[in-house]
1. Radius of gyration and Dmax for segment 66-180's Cα atoms, expressed in Å?
2. For segment 122-185, which semi-axes, largest first and in whole Å, follow from the square roots of 5 times the eigenvalues of its Cα gyration tensor?
3. Let me check I have the definition right: for segment 271-347, take the eigenvalues of the Cα gyration tensor, multiply each by 5, take square roots. What are those semi-axes in whole Å, largest first?
4. Would you work out the Kirkwood radius for segment 52-101? I mean one over the mean of 1/r across all pairs of different Cα atoms, in Å.
5. Quick one: with all protein chains in place, what share of the accessible area of the chain is carbon or sulfur, to the nearest percent (1.4 Å probe)?
6. Keeping all protein chains in place, calculate the accessible area per residue for the chain (probe 1.4 angstrom), answer in Å².
7. Count charges around Val163 for me, please; just the other residues with Cβ under 12 Å from its Cβ, Lys/Arg as +1, Asp/Glu as -1.
8. Taking a probe of 1.4 angstrom, what is the accessible area of Leu96 in Å², to the nearest 10?
Amino acid sequence: MKNSDTIEAYIEGIRKNTMAKKYTHHFTVFVFIFRQPPPIYKLVPNFRTEVLSLVKAYIKGIEYYCPQQIESNPANDKLTEKIGILTRHIAKDNELASDLAYMAAEKLFNTKICEKEDIDFLLYCTQSPDHFLPTTACLLQNRLNLPTTCGAFDYNLGCSGYVYGLSIAKGLIESGAAKNILLITADTYSKYIHPLDRSVKVLFGDAATATLVSSTDSEEDLIGPFDFGTDGRGADNLIVPAGAFKEPISSVNLEETQDAFGNVRMRKNLYMNGPEVFNFTLKEVPRSIQNLLEKSNKTKDDYDLFIFHQANKYMLEHLRKKLSIDEQKFSVCIENFGNTVSSTIPIALKHELIQGRVKNSSLLMLVGFGVGYSWASCNVVWKSNT
């Protein structure tokens, strides 16, 4: 068949809504040969969408790494029961988030799911960078021995960071800019926490995850759609006030203060207004989920599993009940990790895979929310590699 015949047939198929699928592969070859769509695309509604729609991003594999040092919360304490966190992994003084990130990535590569030379982009989500500059992603590219043709950058987000990372990876892949993306999340919030501040000490753990996001041929989206939200008015309710340029470290902000509950902290430490963060979550997360359902043209019954940011058991239970989600479809994976910030969702997803609750073609909803305020939700269709 001549290219001109293919073009005419495709146009006629679009007009009749009967032959578009049949000839899409011919156009894909045509675009590949000529490196760009022919001028005829101007005559075809949504031409670019039809041609590129077969290339989709999907999650190919996930691994995680936690520091070996473990701290326990008091077993018989009412607070421990309320938050549902028994143990947390804590980085050593000389152990950086980038060290955890490196170990998680090496663990992923050791599964032989991908060769390092196949990686053409590294995305690194952290709020615990090695330096103000250079970007830690550049250091990880060198340490992991990834190709110098690999793009790399950090992005600073907390508990919504994994979902944001998936959206960036999807954009890079489905625009043709990359084929295999290493998405790493890593944080050591413990280094921001005063040892006498029980309001946050019992909640946060340290961890890193490595996710391989790759391209595949699919007629359906395997990641997305997405719903995003930001409200910077809540920034002061979850913050490390001092340490950057707005408030450099000085003798003033190194002074210890004690709040009404006996929690001790300095301004270089993490501060969280728990009630305000809780109220924000109960207000914005249901809205985001409703938006996602409308964008997806789905109901909650269509989903096989919901994986929310693992903030604490108390918050998760309130969200689940408010949203009327079946307990059997709701992931809780916090008991032995605590709140690992941007790593909670991928850690939970990995555990659900191990437990067999995520199968081929399972439809998942991922929801992140927290510091910023920032929130994001998305769909993921799990595609097994075996």
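The values are calculated or read from the model by the stated rules, or taken from the named source; none is laboratory data. Note that the coordinates shown come from a computational prediction; the quantities given were computed from them, not determined experimentally. In this analysis, Cβ positions are derived from the backbone assuming ideal geometry, glycine residues included, and neighbour counts consider all displayed protein chains. Each accessible area value is taken on the protein alone, full model and side chains, heavy atoms only, with ligands, DNA and RNA left out. Shrake-Rupley method; radii C 1.70, N 1.55, O 1.52, S 1.80 Å.
1. 17.0, 54
2. Numbers: eigenvalues 67, 54, 12 Å².
The equivalent ellipsoid of segment 122-185 has semi-axes of 18, 16, 8 Å.
3. Details: eigenvalues 90, 49, 26 Å².
Semi-axes, largest first: 21, 16, 11 Å.
4. Working: mean 1/r = 0.0697 Å⁻¹.
Answer for segment 52-101: a Kirkwood hydrodynamic radius of 14.3 Å.
5. Values: 9600 of 18820 Å².
Of all accessible area on the chain, carbon and sulfur atoms account for 51 percent.
6. Numbers: 18820 Å² over 386 residues.
Per-residue value: 49 Å².
7. Values: positive: Lys170; negative: Asp227.
Taking every other residue near Val163 into account, the sum is 0.
8. 70
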